1. Among the residues of segment 55-72, what is the count of those that are free of Cβ contacts under 8 Å to residues at least 60 places away in the same chain and not small (G, A, S)?
2. Can you tell me which residues in segment 44-65 are of a type outside the set (G, A, S), assigned to a strand (DSSP E or B) and loosely packed, with under 15 Cβ neighbours inside 10 Å?
3. Show the residue pairs meeting these rules: Cβ distance below 6 Å; 6+ apart or different chains; first residue within segment 137-152 and within 21 Å of Q14 (Cα to Cα); second residue at pLDDT below 85 and of a type in the set (A, V, I, L, M).
4. For segment 12-22, state whether one or more residues are touching a residue at least 40 places away in the same chain (Cβ under 8 Å), touching a Pro at 6+ places or on another chain (Cβ under 6 Å) and on the phi > 0 side of the Ramachandran plot.
5. Going through segment 66-78 one residue at a time, which ones are touching a Lys or Arg at 6+ places or on another chain (Cβ under 9 Å), assigned to a loop (DSSP other than H, G, I, E, B) and among the aliphatic types (A, V, I, L, M)?
6. Which of the residues that make up segment 79-130 are within 21 Å of D34 (Cβ to Cβ) and either free of Cβ contacts under 8 Å to residues at least 40 places away in the same chain or in a strand (DSSP E or B) (or both)?
7. Output yes when any residue across segment 110-122 is modelled with pLDDT of 95 or more, surrounded by 22 or more Cβ atoms within 10 Å (Cβ to Cβ) and farther than 21 Å from K21 by Cβ, and no when none is.
Amino acid sequence: MELIPKDIPVEFLQILPEGIKLVSRHGHPYLVMDRVEDARGNSLMDDAVHIHGEPSVKLKVKVGHTEGYIFVDAYWGSHAKLYNFIPDFSEGKTVEAFSPVNGSSLMVPWKCPIDGCDETHGIELRLPGGQNTIIVCGKLGCPGHHINVAHVAEGVSESLSNINYFGEGEDELFSAI
């Protein structure tokens, strides 16, 4: 999948929280999650599986009657992923996500803001320190996600949360968690 450059709010770059870094690729800036954790502080980063040259975010998931691991692209707004199993979509596309370290649930109540999406649960990832969180829609194929960063104006969070990269090679299976 090709990443398409998007504008990053300057106000966010000025307070870049721990766990997110700014990288340059082909002369364009991108945000990359370089450390996300479960609620107990365990790293969800996987150095063995790289997507776009960066370690991926590893989640233990259940989809229908199947379960396994999803490795998600760490580039903010990219929804590329790799699976180590074939998801069972017979009961819908809702994902149940767990920490691959200790099996604790990553699911939280959350109303997805994307028009047409009726998902009421999200997958919560925490940035180091536990103050800042990322919530990703629990429905495969939905690009809904939101970042909550302390000490940043809500408009900045909203602007950042609207960044999605849909480049060449996207299809529904790979478009979002």
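The values are calculated or read from the model by the stated rules, or taken from the named source; none is laboratory data. This is a predicted model, so every value here is computed, not measured. Counting neighbours? That spans all protein chains shown, and the Cβs are built from the backbone with ideal geometry, glycine included.
1. Qualifying residue count for the region: 10.
2. Correct list: D47, H50.
3. I147/L160
4. yes
5. none
6. K81, L82, A97, I123, E124, L125, R126
7. Yes - at least one qualifying residue is present in segment 110-122.
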